[in-house]
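Shown next, in structure tokens, is the structure this report addresses.
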Amino acid sequence: MRYLTDRKRASGLGSGREGTHHHWQMMVSSILLVPLVPILVMLFGGALGGTHEEVLAYFSRPIPAILMGLSLIVIVVHLMRETHAAIEDYVHGTAGKLTLIATTAFSYTIIAAGLFAIARIAL
Amino acid sequence: MADVNRGNRPLSPHLQIYRPQWTSISSIMVRITGIGCLLASVLVVAWLLAAASSEAAFAVVDGFLRSVLGTLILTAATWGIFYHMLGRLRHVLWDFGYLVRVEVSEDMAKGMFILATLLTIFVLVVT
């Protein structure tokens, strides 16, 4: 039984050169989650349960509208990168690339649709 | 080169027979809650879009989110995003060089579970 592993075969070939940047990005968005997750949950929880008019009035105010948009962007981008890391670990080759593209498209669509809705209510 | 000795190596223990530990379970759950919450974001955005569109559309989406099933999903998503937030905070602490010890990490894993549950109950009571 020989012990040459994939790790051993890859060593010396150089890094992907993007790992530190990805790590730093996750660190930044992880810190940003600490204020923004409670803000999103309380905003959404506070608005849910009202009538249609009450919900429209709620997000017509600048602070709830801005914070809702801000937390939506930061949290969805963070969760997208989190999902990308999982895909890079478990889905390889063309399937992996297509899954990465699909989750990216999905995430930015969610952000665009959410921002449109908030803007339409607020303005 | 790429074909050297593939499949004839000792393997690490399979996940199914690997004894679960607080550290491994919490790591897996941070990932699962992250992916789950990305999917759950559809509900929040659908609700906002419905509110922005029409009274009728709002009634449909709002009615679903306030049904028993909708409340269960939103409660799970709330717990999940709090758990994920705490799990990520733990990574930040580790990255800054603090609390990198197995016993402390196990305690933090239990703490994440408890704190996420308390935060979720708090949100359910207050909102």
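We did not get these values from a lab; they are worked out from the coordinates using the rules stated. Only a predicted model underlies this, so the values are computations on that prediction, with no experimental measurement involved. Ideal geometry is used to build each Cβ from the backbone, glycine not excepted, and the neighbour counts take in all protein chains shown.
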Approximate shape of chain B as ellipsoid semi-axes (Cα gyration tensor, √5λ), whole Å, largest first:
37, 22, 13
Looking at chain B as a GNM with Cα springs under 10 Å, which of B:80, B:70, B:97 has the largest mean-square fluctuation?
B:97
Could you work out how far the C-alpha centroid of segment B:93-127 sits from that of segment A:49-123, in angstrom?
25 Å
Where in chain B is the longest stretch that carries no trypsin sites (Lys or Arg not before Pro) classed as loop by DSSP and with at most 11 other Cβ atoms within 10 Å?
B:7-100
On C-alpha positions alone, give me the angle between the axis of helix A:62-90 and the longest principal axis of chain A, in degrees, nearest 10.
20 degrees
Taking 37 °C and 0.692 mPa s as the conditions, I'd like the Stokes-Einstein D for segment A:29-122 in µm²/s, using the Kirkwood hydrodynamic radius from alpha carbon pairs.
225 µm²/s
In whole angstrom, how far apart do the alpha carbon centroids of segment B:25-74 and segment A:7-28 sit?
34 Å
Angle between the Cα long axis of helix B:22-53 and the longest principal axis of chain B, 0 to 90 degrees, nearest 10?
20 degrees
So what's the angle, to the nearest 10 degrees on a 0 to 90 scale, between helix B:102-126 and the longest Cα principal axis of chain B?
0 degrees
With a bin width of 5 angstrom, please list the P(r) values of the protein assembly as shown as percents of all Cα-Cα pairs, from the 0 bin to the one holding the largest distance.
1, 6, 11, 14, 16, 15, 12, 9, 6, 4, 3, 2, 1, 0, 0
